[in-house]
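Okay, so here's the structure we're looking at.
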Amino acid sequence: MSDRFQKAQFASIIGMVANVILAIIKGIGGVLGDSRALIADALHSASDVISSIAVLVGVRAAQKPPDSEHPYGHGKAENIATLIVSMLLIVVGFEILMDAVSAIWSNAKQSTHPLALYIVVFSIIVKEALFQYKNRLGKKIKSQAIIADAWHHRSDAISSVVALVGIGLAMIGDRYQISYLTYFDPIAGAIIAGIIMWMGFSLGKEAVRISLEIVLDEEETEKFNQTVKQVNGVKRIDSLHARSHGSYVIIDTKISVDPTITVDEGHAISARVKEILMNHFEEVHDVHVHVNPYYD
């Protein structure tokens, strides 16, 4: 088992445990405190549990070595996990939105208990800590699925802030008999739903972009070009394309060599190009080199 997978697995397990605890606490607090915003936030945390499971499955699948059906490896399994997370966010967000709109439309005023306020503050602290941890880890091990899961935690923290505002205004309205302020609890629930759906759309859009194998731009591939140019025997780089396969990169390049050398010598140069690229750059998992004869 790779060190990268162990770190991703550990992060996913921590996220799942924290989300289960928060979902239970928020759910109980939302019911006892009579807060639609907190109940919406509880559903968001529950969706995080499922997303963490999807991420864990995706990262595990990505560890499988290349085979006859997947010669470039299984790295895109992480992108599939990201898509699952994004679709889940959109569905959960829509359900929360419908419930909040229904409450506002039916003039269901809220009389929220202070317990809901304390739970939201606790949730904000926990979820922001989880975001910081997973986002840094995802960038370090180059895992799109872990980064997606980190932003899921951030969206939960943001939704908790919205819930905090909504619950606070509802409590003020209830205490000072300002009737319109009591509607801010379900309004906060609707805003939370919008945030959840927007996060889902953004993550899904990025996962699809990577799945379409868009090659890295010139600025990102310049380091590969400079490395290949230093290889003894390479007269010219005719082309170099690097494409993302989830957490790793595959490079296709065409190089020109002295036309008078033997086929064996040309093969040795291409092997050095592949070896140097894979040794110098951790994210490069495979290199395909085509050799051309060099002419001015």
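The values are calculated or read from the model by the stated rules, or taken from the named source; none is laboratory data. Since this is a predicted model, take the numbers as computed values, not measurements. Here the Cβ is made from the backbone with ideal geometry for all residues, glycine too, and neighbour counts use every protein chain on show.
Based on what the data block shows, is Thr260 assigned to a loop (DSSP other than H, G, I, E, B) and not hydrophobic (A, V, I, L, M, F, W, C)? So Thr260 fits the description; yes.
Taken over the range 102-118, residues that are within 15 Å of Ser179 (Cβ to Cβ) and modelled with pLDDT of 80 or more amount to 0. For the range 215-229, a residue qualifies if it is without any contact (Cβ under 8 Å) to a residue 40 or more places away in the chain and of a type outside the set (Val, Ile, Thr), and the qualifying residues are Leu216, Asp217, Glu218, Glu219, Glu220, Glu222, Asn225, Gln226, Lys229.
Whenever a residue of the range 44-57 is assigned by TED's automatic domain parsing to the domain that holds Val20 and at pLDDT 70 or above, its partners that are of a type in the set (D, E, K, R) and surrounded by 22 or more Cβ atoms within 10 Å (Cβ to Cβ), lying with C-beta atoms within less than 7 angstrom and at least six residues away or across chains, give the pairs His44/Asp156; Ser45/Lys26; Ser45/Asp156; Asp48/Asp156. Scanning the range 247-264 for residues that are farther than 17 Å from Thr221 by Cβ and surrounded by 14 or more Cβ atoms within 10 Å (Cβ to Cβ) turns up Ser247, Ser256, Val257, Ile261.
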